[in-house]
Amino acid sequence: MTARSTPTRRPAASRSAPFPFPFSAIVGQDELKLALLIAAVDPTVGGVLVLGDRGTGKSTAVRALAALLPRMRAVTGCPYRCDPARTAGLCEACAPDAAPRSALVDVPVVDLPLGATEDRVVGALDLERALSQGVKAFDPGLLAQAHRGFLYIDEVNLLEDHLVDLLLDVAASGENVVEREGLSVRHPARFVLVGSGNPEEGELRPQLLDRFGLCLEIRTPTELAVRIEVVKRRDAYEHDPEAFVAAWRRQDERLRRQIVAGRERLAAVTVSDAMLEQAARLCMALGTDGLRGELTLMRTSRALAALEGAGAVETGHLRRMAAASLRHRLRRNPLDDTGSTTRVERAVAEVLGE
C-alpha cells in the first residue's frame, strides 16, 4: 500500500428536513432562542448547554437554527469546508493552494448520536479505497463535518466518558489529530458545541460543563395561553409543513439579516473598563471558579450588543446575559439551598442594580 493521507471527498451533512420548523415560530423559549442567536453571531462564546424537561422544544430549536443560518463561503471540494479568506488554519489539502476556488455552502449542524463509535467521531481509514485502490486514505468523521458549524449532542449528560475526553481535547485545540492504522492526519475542527439533556437522567461531568459558554434551564410552560399556542403551531406545522414554513419565512429572513449584521459589527462593539469591572465584581460576588465566567459574560454581552445594533456594551447587556453565562459556574453552597439561577439574579441585583 502507498502511505497517503489524502482526505476522502464526501459531502457535508445535509440539513435535517426539507421543511424544518421555523425558528421564529418557536413559542415560549426566548432565552434559548437568544442564546442560539448569540452563538451564531460569535462562535467564540463557547457553545450552548440546554438542560430541562423532555418535550420542551430543545432539539426543535437547534435544528431550526440550521435553516436560519446564512450560508458561508468554503473552499470547493474540501471535506472540512475551509475558509478561503483565512491565511492560516487550512487543512493539508487546501494549504498549498494560494487562490483556492470557493462556493457558498450551508453551515453544518451535525448530530452526534450517543452510540457513535470513536472512529465515527474522529474519522478512520477509508476501507473502500484501501481495498479497491490499495491507498491509505482518511475518511473524515463527525468532527470534520461539524467544522465551522454546530455539533449537536442530544442527551449530552449520557455521553460516554472517552468521547467526552475526546471532545474536550478538540474543543481546547481547535483541531482533530488522528494517529492510527498507518495514518497521521491533522485537520481543523472548530465548531459550536450545543448539548441538551434532562438533569434527572444524570449529571454532566464538571470538565465538560465548564466548556459550555452558556447554560440554559428550560421548563415546561406554565402559562395556559403559551401552551395552547405551542400546540396550535405544532399541529399546523404537521398538517402542512410547506405552508407553515412559508408563513414564517419573512420573520426568519429578518432574523437571518440580523445575524449577518451582528457579525459585521461585532468587532466594532466596545467594552469599557467600567463594564469589565462590573462583570468581575459580579463573578467575585458569586465566587465563580477561574476567569472563564468574566470572559464568557464579556463575549456574550458584546455579541448581544452587536445583535441588537448597539455600539458598546452596557449594564443592561450584562444583566441579561448573567444567568446564562454564570449559573453553571457556581460552587455548591451547603448553607444555601436556593437554585443557581436565583443566586445569580440576587447577585445581579446587588452588584448591577435592579
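The values are calculated or read from the model by the stated rules, or taken from the named source; none is laboratory data. These numbers come from a predicted model, not from an experiment. Glycine also receives a Cβ, built like all others from the backbone with ideal geometry; neighbour counts cover every protein chain displayed. Protein only, heavy atoms only, side chains kept; ligands, DNA and RNA dropped before computing areas. Shrake-Rupley method; radii C 1.70, N 1.55, O 1.52, S 1.80 Å.
Starting from residues that are open to solvent by 60 Å² or more (accessible area, probe 1.4 Å) and in a loop (DSSP other than H, G, I, E, B), keep the ones in segment 72-87 and report whichever is modelled with the lowest pLDDT.
Pass one, segment 72-87, residues open to solvent by 60 Å² or more (accessible area, probe 1.4 Å): 73, 76, 85-87.
Now narrow it down to the ones that are in a loop (DSSP other than H, G, I, E, B): 76, 85-87.
Working: T76: 86, A85: 80, R86: 76, T87: 67.
My answer is T87.
So which pairs qualify, if the first residue must be in segment 265-288 and free of Cβ contacts under 8 Å to residues at least 24 places away in the same chain, the second must be acidic (D, E) and assigned to a helix (DSSP H, G or I), the Cβ gap must be under 6 Å, and the two must be at least 6 apart or on different chains?
Qualifying pairs under 6 Å: A280/E294.
With touching a strand residue (DSSP E or B) at 6+ places or on another chain (Cβ under 7 Å) and open to solvent by less than 50 Å² (accessible area, probe 1.4 Å) as the only criterion, which of S340, S325 stands out?
Answer to the check: S325.
Please determine, by comparing only the residues of segment 293-310 that are open to solvent by less than 50 Å² (accessible area, probe 1.4 Å) and part of a loop (DSSP other than H, G, I, E, B), which one is nearest to V269 (Cα to Cα).
A310
Inside segment 168-177, can you point out the residues that are among the hydrophobic types (A, V, I, L, M, F, W, C) and open to solvent by 10 Å² or more (accessible area, probe 1.4 Å)?
The answer is L168, A171, A172, V177.
Consider R281 carefully, then state whether it is in contact with a His (Cβ under 9 Å, 6 or more places away or on another chain), surrounded by 14 or more Cβ atoms within 10 Å (Cβ to Cβ) and of a type in the set (K, R).
It is false that R281 is in contact with a His (Cβ under 9 Å, 6 or more places away or on another chain), surrounded by 14 or more Cβ atoms within 10 Å (Cβ to Cβ) and of a type in the set (K, R).
For segment 257-292, enumerate the residues that are part of a loop (DSSP other than H, G, I, E, B) and β-branched (V, I, T).
Selection gives V269, V271, T288.
Yes/no per residue for (1) basic (K, R); (2) within 12 Å of the chain's Cα centre (by Cα); (3) not assigned by TED's automatic domain parsing to the domain that holds S196:
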site	(1), (2), (3)
I38	no, yes, no
T44	no, yes, no
V48	no, yes, no
G57	no, no, no
T60	no, no, no
P79	no, no, yes
L90	no, no, yes
